[in-house]
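Read through the structure below, which is laid out as structure tokens, and then see the notes.
The values are calculated or read from the model by the stated rules, or taken from the named source; none is laboratory data. A quick note: this is a predicted structure, and the numbers were derived from the prediction, not measured. Here the Cβ positions follow ideal geometry from the backbone for every residue, glycine too, while neighbour counts run over all protein chains shown. Heavy atoms of the whole protein, side chains included, go into the accessibility calculation; ligands, DNA and RNA do not. Shrake-Rupley method; radii C 1.70, N 1.55, O 1.52, S 1.80 Å.
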Amino acid sequence: MNVPPLTPVSVFPEEPSPGQGQAATPTLVERLLTRRQIRLLTDRITHFIIKMGGISIMLCILGMCVFLVKEVIPLFLSPHATPIEPIQLSPLDRPAASTLVGIDEHQELAYVLRDHVLEFVFLGEGTAALSKVPSRGLLPDGTVTALARALGKGHSLALGTGDGRLIPVTIEFTQDFHDEARSIAPSVRVGTPIAAAPTPQPVTKLAYQSTDSEVRIAALLQDQHLWLTSTRTVSRPDGTTAASTVQIDLTPNVPGRVTALTLASRMELLAVGTEDGKVYHFDLRDTAKPLLAETTQASEQGNTITAMAYLMGDRSLVVGDAAGQVVVWMPVREHPGTNQTRMTAVHRFAPHQSAVTDITISQRDKGFITTDAEGGIRLHHSTSAQTLLTLSPKLGSLRSAYFSPKADGLVSVSENNHLLQFHIANPYPEITLATLFAPVMYEGYERPELVWQSSSGSDDFEAKFSLTPLIFGTIKGTFYAILLAVPLAVLAAIYTSMFMHPDYRAKIKPTIEIMAALPTVVLGFLAGLWFAPVLERNFPAMTGMVLVAPFAVAASAGLFLLLPASIRHRIRPGVEALLMMPVIIAVVWGCLATNAWWESFLFNGHYKPWLQTHLGLNYDQRNAIVVGIAMGFAIIPIIYSISEEALTNVPKNLIAGSLALGATRWQTLMYLVLISASPGIFSALMIGLGRAVGETMIVLMATGNTPIMDWSVLNGFRTLSANIAVEIPEAPHGGTLYRTLFLAGLLLFIATFLLNTVAELVRQRLRKKYSQF
């Protein structure tokens with residue numbers, strides 16, 4: 001048999017020749033190296049993305065903080081005035097006995113009335129132009145001896161003459177636009193002369209107010225007789241008008257020598273200052289029978305009263321005397337619950353170095369300007385009780401001053417006939433740290449109060465921007481929400497992690513966590529429109545539940561322990577608490593069914609009058625109970641979830657070792673699990689607290705939004721966040737309310753930041769302390 005020869009076979013693959021051009025197969029090392037590079041590249045990209053995300057969040061938070069601070073800082077900037085070069089007025093033939101000055105709202109055109117000579121001064125760019133109105137056209141005859149301006153009436157003036165008459169003069173400014181350039185043209189309207197007194201004597205001092213149908217005049221004559229004249233115009237059916245005049249001599253009511261007069265803008269009040277420092281207050285609501293309501297010693301040293309003016313709203317009276325003292329007086333109730341008031345000095349300002357010569361009020365707020373005999377000018381604000389600006393032009397005594405209609409400038413005339421002008425930057429005169437956080441004496445209040453009231457229906461409203469009631473409301477709402485949520489959430493977390501059967505735990509925990517996804521606007525809607533009325537109708541039953549439920553649960557637990565062991569062992573471990581559900585449901589149903597009995601038993605038949613009579617509490621439908629339950633319902637899932645995770649993450653070998661050494665489950669919980677999980681539980685509480693502090697919609701919809709300071713659970717409150725949501729749509733951009741709301745937001749930001757920082761520091765300390773367990 002022929003056998004073919006064997007061909008040798010190599011076990012090693014032949015290397016391809018260089019000319020074959022085949023690529024070598026990657027080795028295992030090369031493949032591993034490639035994967036490692038891919039992982040490194042992926043890790044670096046992931047690290048970069050996470051790092052940039054964290055930096056972006058930090059930059060966003062920092063940007064928010066910077067923006068808030070930028071919007072708030074202007075509130076606390078000091079006001080300042082920019083002087084304009086004085087303008088020399090035209091010389092007069094003789095020194096003027098009286099002077100009045102005014103300016104339009106754009107501060108482009110001023111007028112100066114010196115006795116019977118009226119001049120207009122154009123204050124545009126370049127050299128000011130003077131325009132003199134002929135005196136004959138303004139005053140046909142008679143010599144001007146006194147001048148007066150109607151408070152709060154724009155440019156409505158009155159000229160008192162040497163023959164005892166009053167001539168009304170109205171100055172109006174008309175705007176026109178040509179090629180997008182504004183031009184202002186003045187016009188003068190002279191009214192019909194009115195006899196200021198029955199006897200034709202020179203008028204030495206004058207107070208004047210007018211409406212479309214009535215004119216009221218208080219005139220002091222040369223013989224020191226003080227006359228009150230009221231002229232009313234009535235329209236007849238035939239289209240004609242009839243005027244009736246009432247003149248009353250007030251001299252018998254004012255024994256001293258009169259040195260100052262002022263009428264309130266509504267013509268219901270007249271203040272008369274005398275040489276001996278007294279002010280006589282007249283009630284003019286009954287024109288035919290003016291009543292001397294009160295006499296006050298306005299100057300304690302008996303200095304002469306030299307100037308007076310009612311602030312916008314006619315409640316506060318500013319009084320200046322010969323010693324330079326400036327005091328704001330307002331009516332204050334003598335006894336709570338009565339309408340009897342007494343004029344009281346509430347604000348004293350820094351005194352001038354010489355006698356106060358003029359007081360000019362702001363037409364926009366409670367600010368006013370005072371001038372003195374040495375030419376000093378001071379800007380004050382009544383609400384904040386601050387002297388905001390002190391100016392010293394050094395051009396001699398000032399004869400008259402005027403606050404521009406927008407309160408952003410003033411003009412004045414010196415005794416040497418110079419027209420002075422200042423541009424004033426003072427947009428937030430009512431804001432100080434005291435008005436924001438300390439009690440303030442407001443008009444109509446009996447004592448300094450903490451009040452938030454940003455708007456009203458009248459233009460003369462005194463805005464109140466105290467943030468303290470809002471901070472208090474935030475603390476109150478958070479306290480009641482935490483008071484409900486913390487025990488329920490933490491105890492539920494303890495039971496779920498330590499005692500509940502795992503099968504039930506797997507179902508109940510996700511269910512509670514899903515509750516956190518409920519929109520707070522839905523919770524607020526349900527709380528405000530459904531739960532609040534239900535609670536109001538069944539408040540006695542709810543009170544009964546609070547009293548009965550603990551005893552029912554304790555009694556049922558005791559009865560369960562008394563059952564034979566054979567029966568108790570049939571119940572699956574970890575579900576014992578579920579046996580309490582029928583008991584709780586029975587208690588709730590029973591109390592609701594016996595609501596009338598509970599009201600009769602606890603509150604003598606009517607719970608609201610009983611609360612008011614015995615406890616002094618008023619029941620509001622949307623109160624702290626409603627908010628506490630609704631807000632607690634919102635933060636329970638957060639606290640529960642984090643606390644339960646912290647308790648579950650305690651090492652099982654530690655728990656098993658404790659139980660193996662003979663400790664009970666409660667002992668293990670108290671001395672091991674809670675201590676080990678304390679950093680996580682503390683974090684849960686702080687996160688829940690921060691969530692409650694910043695809550696907006698629930699508080700907005702479930703409370704009465706009343707910014708009051710009362711710990712009672714039966715009335716409402718207003719929080720910082722809810723206040724921002726309520727007020728910001730109506731806040732003018734850049735205004736006081738607008739920036740105050742941003743200050744409230746900044747306070748919330750700072751509070752949350754500090755709270756989280758302190759919480760993290762405490763958590764790290766607890767973690768370090770108990771990390772060895």
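Tabulated data
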read-out	value
Computed [θ] at 222 nm, deg cm²/dmol, the chain (DSSP H ≥ 4; -39,500 (n - 2.57); rounded to nearest 500)	-11500 deg cm²/dmol
Residues whose placed amide H lies under 5 Å from that of Leu292, excluding near-sequence neighbours	Asp283
Segment 368-385 residues near the modelled Gln353 label - backbone nitrogen below 20 Å, point 7 Å along Cα→Cβ	369-380
Distance between modelled label sites at Tyr738 and Lys652, nm, 7 Å Cα→Cβ extension	6.2 nm
Estimated vicinal HN-Hα couplings, Hz - segment 739-756 in sequence order (Karplus 6.51, -1.76, 1.60; Gly, Pro = x)	6, 5, 5, 5, 5, 4, x, 5, 5, 4, 4, 5, 4, 5, 4, 5, 4, 5
Ala577 versus Leu483: modelled label distance in nm, points set 7 Å from Cα along the beta carbon direction	2.3 nm
Shape parameters for segment 134-290, alpha-carbon atoms, Rg then Dmax in Å	17.3, 61
Acute angle (nearest 10 degrees) that the helix 624-648 long axis makes with the longest principal axis of the chain, alpha-carbon atoms	30 degrees
Built amide H within the under 5 Å cut-off of Thr274, gap 5+	Thr259, Ile305
Cross-link table Lys70/Lys366; Lys205/Lys278; Lys366/Lys464, entries beyond 19 Å C-alpha to C-alpha	Lys70/Lys366
Other-chain or far-sequence residues with amide H under 5 Å of Leu118's (modelled H)	Val133
Per residue value of the accessible surface for the chain (all protein chains in place, 1.4 Å probe), Å²	52 Å²
Descending principal axes extents, segment 367-498, alpha-carbon based, whole Å	92, 28, 23
Per-q log10 I(q)/I(0), segment 624-686, q = 0.24, 0.26, 0.29 Å⁻¹ (Debye; single scatterer per alpha-carbon; no solvent)	-0.92, -1.00, -1.11
Extension reserve of the Asp283-Ala557 stretch, reckoned as 0.36 nm per residue once the Cα distance is removed	91.2 nm
Long-range Cα-Cα pairs in segment 80-426 (distance over 25 Å), rounded percent	52 percent
Trypsin sites (Lys or Arg not before Pro) within segment 368-405: DSSP coil, no more than 13 neighbouring Cβ in 10 Å	Lys394
Of all accessible heavy-atom area on the chain, the percent that carbon and sulfur account for (1.4 Å)	61 percent
Per-residue ³J(HN,Hα) for segment 67-76, Karplus 6.51 cos²θ - 1.76 cosθ + 1.60, θ = phi - 60°, Hz, x for Gly and Pro	5, 4, 4, 4, 6, 8, 3, x, 4, 10
Simple label model, 7 Å out from Cα along Cβ direction - Ile50 to Glu294, nm	7.2 nm
Rounded accessible area of Phe539 (nearest 10 Å², 1.4 Å probe)	20 Å²
Accessible-area value, Thr390, 1.4 Å probe, nucleic acids and ligands omitted, Å²	90 Å²
Radius, Kirkwood style, for the chain when every pair of distinct Cα atoms is counted (Å)	33.6 Å
Accessible-area order (highest first, 1.4 angstrom probe) of the listed residues Phe499, Phe403, Phe479	Phe479, Phe499, Phe403
Length added when fully stretched, Arg537-Ser392, from 0.36 nm per residue minus Cα-Cα	45.5 nm
Sites matching trypsin sites (Lys or Arg not before Pro) across segment 517-573 that sit in DSSP coil, with at most 12 neighbouring C-beta atoms within 10 Å	Arg570
Rounded accessible area of Tyr495 (nearest 10 Å², 1.4 Å probe)	60 Å²
Ratio Rg/Rh [Cα only; Rh per Kirkwood] for segment 468-770	1.02
Cleavage-rule hits (GluC sites (Glu not before Pro)) in segment 288-363: DSSP loop, at most 16 neighbouring Cβ within 10 angstrom	Glu300, Glu334
Note, ³J(HN,Hα) from phi for segment 430-446, Karplus 6.51, -1.76, 1.60, rounded to Hz, x at Gly and Pro	8, 9, 9, 4, 5, 5, 7, 10, 10, x, 10, 7, 9, 5, x, 9, 8
Debye log10 I(q)/I(0) for segment 511-641, one point scatterer per Cα, at q = 0.11, 0.15, 0.16, 0.20 Å⁻¹	-0.57, -0.93, -1.01, -1.20
